[in-house]
1. Answer with yes or no whether D:F169 is outside any loop (DSSP other than H, G, I, E, B), more than 11 Å from every other protein chain (Cβ to nearest Cβ) and among the aromatic types (F, W, Y).
2. Give me the pairs: first residue in the stretch B:70-97 and more than 21 Å from E:K187 (Cβ to Cβ), second residue within 16 Å of ligand 2 (Cβ to nearest atom) and part of a loop (DSSP other than H, G, I, E, B), beta-carbon distance under 6 Å, and six or more apart or on different chains, which are they?
3. Please state which of the following conditions E:I238 fails to meet, knowing it meets all the rest: (1) at pLDDT 85 or above; (2) more than 14 Å from chain D (Cβ to nearest Cβ); (3) in contact with a helix residue (DSSP H, G or I) (Cβ under 6 Å, 6 or more places away or on another chain).
4. Taking the options C:S91, C:S112, name whichever one is in contact with a helix residue (DSSP H, G or I) (Cβ under 9 Å, 6 or more places away or on another chain), polar (S, T, N, Q) and within 13 Å of chain D (Cβ to nearest Cβ).
5. Only one residue in D:K53, D:K71, D:K121 is without any contact (Cβ under 8 Å) to a residue 60 or more places away in the chain, surrounded by fewer than 22 Cβ atoms within 10 Å (Cβ to Cβ) and over 27 Å from D:G374 (Cα atoms). Which one?
6. Of all residues in the stretch B:6-32, which are crowded, with 17+ Cβ neighbours inside 10 Å and either within 15 Å of ligand 2 (Cβ to nearest atom) or assigned to a strand (DSSP E or B) (or both)?
7. Which ones in the stretch A:169-179 are more than 16 Å from ligand 3 (Cβ to nearest atom) and surrounded by 22 or more Cβ atoms within 10 Å (Cβ to Cβ)?
8. Looking only at residues that are closer than 12 Å to D:L21 by Cα and part of a helix (DSSP H, G or I) in the stretch D:59-68, which one is farthest from the other protein chains (Cβ to nearest Cβ)?
Amino acid sequence: MESVLTVEKIGKSFGGLEILKDISFDVKKGERIGIIGGNGAGKTTLFNIIAGDLEASKGNIFYQGKNVMNVPNYKRVCRGMVRTFQKNNLLNELSVLDNLLLVLQRKAGVENTWFKPLSKPHFSEIYESASSLLERWNLTDRRDTLVKNLSYGEQRQIEILLGVALEPNVLLLDEPTAGMSNAETKYILDLLNRLPEDLTILIIEHDLDVIFGVSDKVIVLNNGEVLVQGEPSLIKTDPRVTEMYIGKEEVI
Amino acid sequence: MLELQDIHTYYGESHILHGVSLKVQKGKMSVLLGRNGMGKTTTIHSVIGFSPSKTGKILLDNREIQSKTSFQIAKSGIGLVPQGRRVFSNLTVKENLLTTARSSKSGSWTLEKIYELFPRLKEREKSMGGNLSGGEQQMISIGRALMTNPEVLLLDEPSEGLSPIMVREVMMIIKKLKEEGLSMLMVEQNLSMALALADHVYILNKGYVVFDGTPEELKLDSEVKSKYLALTS
Amino acid sequence: MSIVTEILILGIFALSLNILVGYTGLVSLGHAAFFGVGAYTAGYISKTFSTNLFLTFAAAILAAILVSAVIGFFCTKLSGFYFLMLTLAFSQMIYSLVHQWTSVTGGTNGLSGISKPTLIAGIDFSNSFALYFLILVIFLLIYFSLKRFLSSPLGKILVGIRENETRMKSMGYNTMFYKNLAFVIAGGLGGAAGCLYTYFNSFVSPSDVYWTMSGSVLIMVLVGGAGTMLGPVLGAAFIVILETIISSYIDLWMLIIGTIFILFVIFAPKGIVGITSGLFSQQSFRKKLNPSLVKIKELKREN
Amino acid sequence: VSDTETAAESDGETLKIGALLPASGVYASLGKNLANGMELYFESVNWEVEGKKIEIVYEDTEVDPQVALRKARKLMDQDKVNILTGPVSTAVAYAIRDEVESKKVPLLVSHAGGNDLTRSKRSDYIWRSSFSSWQIGHSLGQWAYDNVGDKLYIAAADYAFGHEVADAFKEAYESAGGTIVEEVFPPLGNNDYASYLTKMNSADADGVYAFFAGSDAVRFVQQYEQYGLKGKVPLIGSGWLVSEDVRGSQGTSGEGINASIFWDYNLDTPENQEFVKAYEAKYNERPSLESLEGYDAARIIVEAVKSLKGDLSSSDNIVKAISEVSFTSPRGPIQFDQETHHIIQNMYIIETEVKDGKTENKVIETIENVQDPGK
Amino acid sequence: MDILGVQLVNGLSYGLLLFVITSGLALVFGVMGVLNLAHGSLYMLGAYIAFTITNSAFSNFWLALIAAPILVAVISLIVEVGLLRTTYHLGHLSQVLLTFGLAYVFHDLAHWIWGTNVLSLAVPASLSGSVSVFNQTFPVYRLAVIAIGLIIAVILWVIQEKTRWGAIIRAGLSDKEMISGLGVNIKLVFTSVFIFGGVLAGFGGVVAAPILGIFPGMEFQTLILALVVLVIGGLGSIAGTFIASILIGLLETFSRFLLPELSLFLPFAVMALILVVKPKGLLGKVA
Ligand SMILES: Nc1ncnc2c1ncn2[C@@H]1O[C@H](COP(=O)(O)OP(=O)(O)OP(=O)(O)O)[C@@H](O)[C@H]1O
Ligand SMILES: Nc1ncnc2c1ncn2[C@@H]1O[C@H](COP(=O)(O)OP(=O)(O)OP(=O)(O)O)[C@@H](O)[C@H]1O
Ligand SMILES: [Mg+2]
Ligand SMILES: [Mg+2]
């Protein structure tokens, strides 16, 4: 399989603090990569760099064969690389539907229409796909609620929904299920597994059920370095991972 | 120690809590479960006074606190670990911990002890709160609440964003706190953690308490588990 | 009649600022710069070259667009109070330019004796009714085009930027481009309003470029209701009428206007439109991308 | 402001005067004094002339020409005033000029002194009874050369009027034989003159000619003393430097200043003594230059209406009647120049001296019948 | 050479005067996030009240220097508790508008009470003399202003950086609800800060009056300049405000000396330049 994303020797320092040190890995098209690692290991920072929200101190990112280090974040999104945020980052004063419409109009490529109202009669396809998405996510009754009036967990769902709605090539999910209840976590897990096969996913999670439920490969970060990477079964039993990240099973 | 009697809370027009009643015994942990959007955070917010309840009583040590403002409630001995961490982004880690610290007879948390607990925070002592990773912020949030040395601690999903090893760490602390006599009300999605620590469990559904019992009772009640928590096993 | 004309002109001006303040969430305190550039361009061309309506109007808009493109390039890089202060700084620089460049602008005395615009040779707008209708037609054109523009997908992008710019980037929008676009459109329309003001008054004064002018138009927008179409126009009407009437009767009119602002902030933070919409409908208004109920993005210190 | 009870329409029985004066903003006190002066005179004729009741409709121009224009329109369209008078600010006068001309309403300018109003912007309907910047500046030129020295430094507020006064002074001074070593124009409303003064102090000049008014004049003169220039480098300027409204705040720092102006409180003529007495009796404070301007404007209007026998039907006749008014005012004899529409009046050179811990001005020289060249 | 030296002292003195005037604005903004457009008005009230006191039976500058700021503080208290407090939940723009309205109200109140004449405040005999600086006459009072400015700078720096107060206040700025949920009466803190800002404004009014004068509209003139200083320094940074004050003081002084035509233009041009190069001002915290 061709590789869709290559991370090459990425390093990042804040002030004098080296947060990422020579991170390299390669992601093939359609692969599902789980990223785990202790708090502050540098996972979110890595995502920020891949997505172009943060400049790396060194190294390169290749996406679809091209070096994208100088490509601004929004252009990476347009080329199909989409991220979600660890901390909810939504259009809080707008309704769920409006959040979704802004995504869908871009996906449909009509965002620069400037003399036609964004309304159902003019853009029926967009409204239809919005309805069907909301339907599938069980959010139809939340359609007109302002995002800021949703509960925390509900906002998490919108966060993921906006990412998925763009139908990207590469999806970067930063702790998608944190704060979600069991039922919703299960739903997200199902959903991720039902997404198109050729979609590449990188997912950061502390919920190991989710990680092992979706990943083909797991990368373990520790103190800004790749500790190990490999098949989930390998990771599960790796003593270093247990020691640094999972901890010993103890009975409480 | 803490008792909610028939609480009704609204956001503007919308009626969120419909007569919630629950109790936290001294030195015990009550856990609040429920799916997303069922009113758990609202319950916590009603106690601390962020969204005061319209009717009903909230008793702390048999004193009514529902009509007080947040800072008075907090000062009367309630600590809060909010959902979503809410660290002060423009304060350093150390300032985050120290600024609202209070000493009291019920607790003896100091900066050193928090650093001992979360060595990561000591390493980041001078970083701005807003620059920390999610998990590090969660540690601040917990540490900050402990530093107010409360008698009752409200924890809204304290394990969110923490690595498994840290979750276990936090569980150990909570156990120790219980032993020291701290009373706690916790909202938690991590069921194994919740059930391991809880002395009493409440399940909220759409603003109603639909289950009220011990963890053991809940383990046996598979109908409640599947209906309200979507647990099949 | 003349008061209605004035309201229409300042209404256009307020509408143009509202694109920035109400829709894109960029609170500008320098919008008078574009008004002034439009006004002086129209005045200068009428005095020295030609009074042709189309020529002066087009030149005024073009000049305002050029100036706003330059200023916008710098300002849109900032946000919050820094944006506000940078727009103020640029407009004050333009003010001092107007002030010093006496040969073109007339300095503190302004440009006076400007002829009314002509349509074609021999037909002009020196009749005040004719001028009123000209301005009314331009107002209606701008109002309805703007309304359509702001409800289009492109207009919604601006609202999205107001709400959360980083998220908009993560949706794939080049927010910098759209902010500049909004800035230029607002500047161009501001210039159009300035040009009409010159037609109306036959006079341009440096006070048109001064920060107090930026301040009053901002107040018109906020008192009327930012982020709505009708609000800024109502705000312009309210302020002009109030100022004309009150200051005729009372010396201490600033006290009255100040008090009214304060009452608005406390009791009707969504402006005149907020009051009326509260009276007429409670439910339907909450839906849709209806920015009238949306608070303006806070001028927050970013941390 | 008082006297705004509206007689719904101009009914032919009232003489309606529209007064465009600032009641707020930096010029508010000038506006008030102008109004006081007018009212004093009208009161002396019992608010009546040729059987017509006199009524003043005041409108606040603020400091904004656009606002003033709006108010002027209101006075002409809605109140239908017979005569307009006022503007303090020259920019306001220029702003309303075309509107006044096209609506053919006579405007008697009672303060604004920009040269162009009676030069290139002259209008059949506009006559000025106050002064022009040329009169102010030019009048001191020869005197300065004769009495101060042949090298002067000019400092004037940076706005059109300041430049005009400075230019007029320079023209007269240079033609008398003097040289200007340097000119500096601090912004209007400048808050600190330290830097300019330090520079002046080390310049090689025999004296400083200054044009500042209001709060600028207070600060300039005070700081002139604080920085040690007073008594060392003679200070001369326009009368506003030491006018009635600023001397109180200046303490004794104005001592020794020479200035040229068209009226002074201490002018020793029977007309002036009478005016001063009446004014002080009514308002319990000294009249200012603007009070005098208001007083004279009111008298010009009354005299004009008298000569028309109360016939206000034609504005052209009103204008003509105004142009022919002449009398001896508290400031001395005045009449209009038919060519320029501008007043011909005496200019006085005054000196500020200290009496009982306070300053007073003394007239030391009179330049008679100064006429603006009109170009 | 001498003339440059004197100009330098002029610039320092003017800069520190700006700092005295701006410090209250900077404090209230840095701490509460409230851009107090009525700051200039409080400053003006300080000056007018001082004028009234020195022209009353007591006629004492030193009394005015203490009493005027206290009276202004009382006015600030009324403003904060009576008006501002009701708008904190509405976002910062509301407070800008509210204080703007207040500036109008105060303008006319002053007009009404004190009239429209230009007034001035006499300096006590001990400070009214002149001394020789670089062989030129220099007013003693301006040297005193330098000292006053430095003292205020130290006091503010200690409060903001060295006490828990500063941290509490900054926390309140970041999340008001949360800090009260941790047991801090943030309302009280805000009120005190606003009052303190008022004291500084009133104090600035008294200190500046002998130099800048007292006249209608003085507050707007001062406000604009103070805003420029505030932004150049970086919002919320007392140290930045201090540096910016001196920078603008020197800039204005030397531009008047060297390029008088540009003195209107330069402060804004410098502000624009700094914002373009350093979008958060000189010492503003970078996002
Ligand atoms: N802007 C910044 N300035 C300084 N330090 C930073 C900044 N951003 C992140 N860091 C530090 O970099 C480290 C890595 O942060 P990052 O958010 O990538 O961690 P993470 O692996 O996502 O952790 P978590 O699982 O807790 O979310 C943290 O220790 C954090 O304190
Ligand atoms: N500010 C608000 N205004 C209106 N409705 C709100 C507001 N905050 C929350 N709600 C609604 O109240 C209900 C309960 O929310 P709450 O935050 O208490 O849920 P929760 O049980 O804590 O959920 P989660 O597990 O997602 O945190 C939700 O339906 C939510 O939409
Ligand atoms: Mg992270
Ligand atoms: Mg919750």
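1. Considered against the rule, which asks whether it is outside any loop (DSSP other than H, G, I, E, B), more than 11 Å from every other protein chain (Cβ to nearest Cβ) and among the aromatic types (F, W, Y), D:F169 comes out as yes.
2. Pairs that qualify, where the first residue is more than 21 Å from E:K187 (Cβ to Cβ) and the partner is within 16 Å of ligand 2 (Cβ to nearest atom) and part of a loop (DSSP other than H, G, I, E, B), are B:V81/B:P158; B:Q83/B:E157.
3. (1)
4. Sole residue among the options that is in contact with a helix residue (DSSP H, G or I) (Cβ under 9 Å, 6 or more places away or on another chain), polar (S, T, N, Q) and within 13 Å of chain D (Cβ to nearest Cβ): C:S112.
5. So the residue among D:K53, D:K71, D:K121 that is without any contact (Cβ under 8 Å) to a residue 60 or more places away in the chain, surrounded by fewer than 22 Cβ atoms within 10 Å (Cβ to Cβ) and over 27 Å from D:G374 (Cα atoms) is D:K53.
6. Within the stretch B:6-32, B:I7, B:T9, B:I16, B:L17, B:V20, B:L22, B:K23, B:V24, B:M29, B:S30, B:V31, B:L32 meet the criteria.
7. If the condition is that a residue be more than 16 Å from ligand 3 (Cβ to nearest atom) and surrounded by 22 or more Cβ atoms within 10 Å (Cβ to Cβ), then A:V170, A:L171 are the ones that fit.
8. For the stretch D:59-68, the residue satisfying everything is D:A68.
The values are calculated or read from the model by the stated rules, or taken from the named source; none is laboratory data. Keep in mind the model is a prediction, meaning the values are calculated, not measured. Here the Cβ is made from the backbone with ideal geometry for all residues, glycine too, and neighbour counts use every protein chain on show.
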